[in-house]
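No lab work stands behind these numbers, since they all come straight from the coordinates. Bear in mind the structure is a predicted one, so any value in this text is a computation, not a measurement. Note: ideal-geometry Cβ built from the backbone for every residue, glycine included; neighbour counts use all protein chains shown.
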Amino acid sequence: MASIESSPMPEPSCRSVAIIGLGLLGGSVALSIRRRWPSVRLTACARSPETRALALDQSIVDEVFETPDAAANGCDLAVIATPVNRIASLAQALAGQFPELTLTDVGSTKGGLIRELLGTASAKQFVPAHPIAGSEKSGAEHARADLFDDKPIVITPSGEELPQHITAATEFWRATGGRIVTMPAEQHDATLALTSHLPHLLSSLAARQITREMLALVGTGWLDTTRVAAGDADLWTAIVSENRDAILSAIEQSRSDLDTLQTIVNQGDDAALRTWLDTAKQIRQSAQT
């Protein structure tokens, strides 16, 4: 079961924060913390010289470095905002160098990451988190201070974290403007497979069905449906690889529903089709956004 916490935002629980990876999410984390905790020193690691220059020019962070250890040096908390297939190795490396550092992340898959870290020293410092917010756009140039406002920030504890790191990470994520939700990693991954990962693949599937000649005839329905298909292919390849089992289960579930739809259409059963469509309509209208 998931639990949702709500409490007033505390004073800064840390003096300095490192952002490891300055894409859309990493940049938005920095901007949201600068807005809520302006006294906190922000550093970042970015591989691209252009991103490093942008981060300083737009005051996203105070200092930016080429390597994670340089960015994290002297910090109280570090957010790993890289593709999911790099998070575990970075967490272990940073924990090995900075044993007092609170570590957290933004990855959208959790089970495999936690299993990889269990039993290591980093598991005591690392608090798995997933802010459910984003865009089909990528890069720090699209970062927004309000990206996480009233959005769920899912924390999936492994059970090995030291209490002080849980507290520090929870207070940090609350300061971004998000709502803290706590749930087991397996529940998170199964849920996100259906609410995020499969929808992205279906969006890509819809985009793949048409030829370039058909683009002149697309309307808002196709554009809305395929919006997230414009997301970064490398990022989504890593996500699908990390959450493969849950996504395969979601695909099978959708295949069954698609078979039902095919039968309804084949039989010309308009009443059943209307019920099928109306159920989807009611679910969509019940969504918060």
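Comparing Ala185, Ala133, Ala233 in a Gaussian network model of the chain where C-alpha atoms under 10 Å apart are linked, the largest mean-square fluctuation is found at Ala233. Could you work out how far helix 87-97 tilts from the main Cα principal axis of the chain, as a 0 to 90 degree angle to the nearest 10? So the inclination is approximately 10 degrees. Highest mobility in the GNM of the chain, judged by mean-square fluctuation with C-alpha springs under 10 Å and restricted to Leu201, Leu24, Leu258, is found for Leu258. In the chain, the C-alpha radius of gyration followed by the widest Cα-Cα span (Dmax) gives 20.6, 67 angstrom. Counting only alpha carbon atoms, the long axis of helix 198-208 and the longest principal axis of the chain meet at about 60°.
Cα gyration tensor of region 1-114, axes a ≥ b ≥ c as square roots of the eigenvalues: rounded (a/c below 1.5), prolate (a/b > b/c) or oblate?
Working: a/c = 1.44, a/b = 1.10, b/c = 1.31.
Note, shape of region 1-114 comes out rounded.
Remark: C-alpha extents of region 132-176 on the principal axes read 35, 18, 18 Å, sorted largest to smallest. Given R0 = 35 Å, the distance between the Cβ atoms of Trp222 and Thr120 translates into a calculated FRET efficiency of 0.15. Just the number, please: Stokes-Einstein D of region 87-127 in µm²/s, Kirkwood Rh from C-alpha pairs, 37 °C, 0.692 mPa s. Using the Kirkwood radius from Cα pairs, D works out to 327 µm²/s.
Suppose R0 equals 35 Å; then what is the FRET efficiency for His142 and Leu261 from their Cβ-Cβ distance, rounded to the nearest 0.05?
Details: r = 36 Å, r/R0 = 1.03.
Computed FRET efficiency for His142 and Leu261 comes out at 0.45.
Using a/c under 1.5 as the rounded threshold, could you call region 59-125 rounded, prolate or oblate? The axes a ≥ b ≥ c are square roots of the C-alpha gyration tensor eigenvalues, and prolate needs a/b larger than b/c, oblate otherwise. Walk me through the intermediate numbers first.
On the way: a/c = 2.22, a/b = 1.41, b/c = 1.57.
Here region 59-125 falls in the oblate category.
Overall shape of region 188-286 was characterised from the C-alpha gyration tensor. The equivalent ellipsoid obtained from it has semi-axes of 24, 20, 13 Å, in decreasing order.
In this rough spin-label picture, where each label sits 7 Å from Cα along the Cβ direction, the Ser135-Glu50 distance is 1.7 nm. Computed over the chain, the per-residue total of -39500 (n - 2.57) for DSSP H runs of n ≥ 4 gives a 222 nm mean residue ellipticity of -14000 deg cm²/dmol, rounded to 500. For the chain, the longest principal axis of the alpha carbon atoms and the long axis of helix 233-242 meet at an angle near 90°. Which residue fluctuates the most in the chain, going by a Gaussian network model with Cα springs under 10 Å, if the choices are Ala206, Ala143, Ala81? Largest GNM mean-square fluctuation: Ala206.
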